[in-house]
1. GLY36 is checked against (1) modelled with pLDDT of 95 or more; (2) closer than 18 Å to ASP203 by Cβ; (3) in contact with a helix residue (DSSP H, G or I) (Cβ under 8 Å, 6 or more places away or on another chain); (4) crowded, with 22+ Cβ neighbours inside 10 Å and fails just one. What number does that condition carry?
2. Could you tell me whether THR242 is farther than 27 Å from ILE46 by Cβ and at pLDDT 90 or above?
3. For region 1-28, give me the residue count where each residue is farther than 29 Å from ASP291 by Cβ, touching a residue at least 24 places away in the same chain (Cβ under 8 Å) and either of a type outside the set (D, E, K, R) or open to solvent by 40 Å² or more (accessible area, probe 1.4 Å) (or both).
4. For region 53-83, how many residues are open to solvent by 30 Å² or more (accessible area, probe 1.4 Å) and either in contact with a strand residue (DSSP E or B) (Cβ under 9 Å, 6 or more places away or on another chain) or farther than 29 Å from GLY133 by Cβ (or both)?
5. What single numbered condition from (1) surrounded by fewer than 21 Cβ atoms within 10 Å (Cβ to Cβ); (2) more than 19 Å from the chain's Cα centre (by Cα) fails to hold for TYR188?
6. Cβ-Cβ distance below 9 Å, separation of 6 or more or different chains: which pairs start in region 167-186 with a residue that is within 18 Å of MET1 (Cα to Cα) and part of a strand (DSSP E or B) and end on one that is open to solvent by 10 Å² or more (accessible area, probe 1.4 Å) and among the acidic types (Asp, Glu)?
7. Every residue in region 149-185 that is surrounded by 20 or more Cβ atoms within 10 Å (Cβ to Cβ) and not β-branched (Val, Ile, Thr), please.
8. Looking at THR25, THR7, can you tell me which residue is at pLDDT 95 or above, closer than 26 Å to ARG174 by Cβ and either in a loop (DSSP other than H, G, I, E, B) or in the same structural domain as LEU189 (by TED's automatic domain parsing) (or both)?
Amino acid sequence: MFSIEVTNLKKSYGSLKAVDGISFTVKQGEVFGLLGPNGAGKTTTIEIMEGLRERDSGDVKILGLDPWKDGYELHKKIGVIPQEFTFFEKTTPKEAIKYYASLFNIKVDSNAILREVLLDEMEMHVFESLSGGQKQKTGLALSLVNSPELLFLDEPTTGLDPNARRAIWEVIRRLKAKGKTIILTTHYLDEAQQLSDRVAIMDHGHIVAMGTTEEIIQQHGSGERLEIHGTQQLADYINANTELQGKYDKTKEVISIPLKKKIDMLAALAAAEQSGMGWGEIQTRQDSLDDVFIKLINEPLDEQGEVEIEQKPNKKGRR
């Protein structure tokens, strides 16, 4: 069962195509990460799904409802934390929850909500005295007042220190365990990798990659590689005396060698030793989501909005 269904969504501002024909679905109970650089179209997409902005074309169903036509009904079922959440400075988290409950004309157990977001010890402290992480937890608490089925968390940990970020992560994991569907936008790629079941990477209004982080890394990453700290001369020697094709990074002084087979590592190290040249630290590594993200947003898009993949020339030198 899908909580979100987006089909060929488009939104332009004059000649700028902010969202250019994207499609995706989000399953019930899933944490779905929406990633991309500034200007990629994430905020416009989120605002359309929240019913705050009208789309130009395409079909959008949020919990089975059209977010623009059925906005009033939908807003009773979703929770939202905007970027850089703030609230009345002299209000305590407990008072804030009661105020939000009055807006929805419902009764809630404010203590239970504060416990759910790990903020019960700060219930009587005014908002201006809270730490950055505690203020974000207050935002999370308010987004839960109406017992939403779906949460939109827009950059929930921006500007927080590592401990505060991980505290917010714990709250998000607890919400997922309770079956909440969560849309997470973040600039922290490690955060998306830690929390999301699937992610979509947007760039220039298009989705350029989508799937689990493992699937995206496998599809768009460069695979496992051996890194040897050494010289350009050592890289040339290894390439000349093996079937390997290492690349040399002058800035880092590192030789990077793709490992297609386990024996490739032994061949590279044997060649390095036989060279008689000095070499230093060695390690194997794979691309992270961060590596793939940088690669994808720096590659040109074709006319359909997909990332262009360089084609190898055939034997006649044609592409």
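The values are calculated or read from the model by the stated rules, or taken from the named source; none is laboratory data. All values reported here derive from a predicted model rather than from experimental measurement. Cβ placement follows ideal geometry from the backbone for every residue including glycine, while neighbour counts extend to all protein chains displayed. Note: accessible area is taken over every heavy atom of the protein model, side chains too, but ligands, DNA and RNA are not part of it. Shrake-Rupley method; radii C 1.70, N 1.55, O 1.52, S 1.80 Å.
1. (1)
2. Here the answer is yes, as THR242 does meet what is asked.
3. Final tally of qualifying residues: 9.
4. Counting residues in region 53-83 that are open to solvent by 30 Å² or more (accessible area, probe 1.4 Å) and either in contact with a strand residue (DSSP E or B) (Cβ under 9 Å, 6 or more places away or on another chain) or farther than 29 Å from GLY133 by Cβ (or both) gives 19.
5. (2)
6. Here the result reads THR181/GLU30; THR181/GLU149; ILE182/GLU30; ILE183/ASP154, each pair linking region 167-186 to a residue that is open to solvent by 10 Å² or more (accessible area, probe 1.4 Å) and among the acidic types (Asp, Glu).
7. LEU150, LEU151, PHE152, LEU153, ASP154, GLU155, PRO156, ARG165, ALA167, LEU175, LYS180, LEU184
8. Testing whether each residue is at pLDDT 95 or above, closer than 26 Å to ARG174 by Cβ and either in a loop (DSSP other than H, G, I, E, B) or in the same structural domain as LEU189 (by TED's automatic domain parsing) (or both) leaves just THR25.
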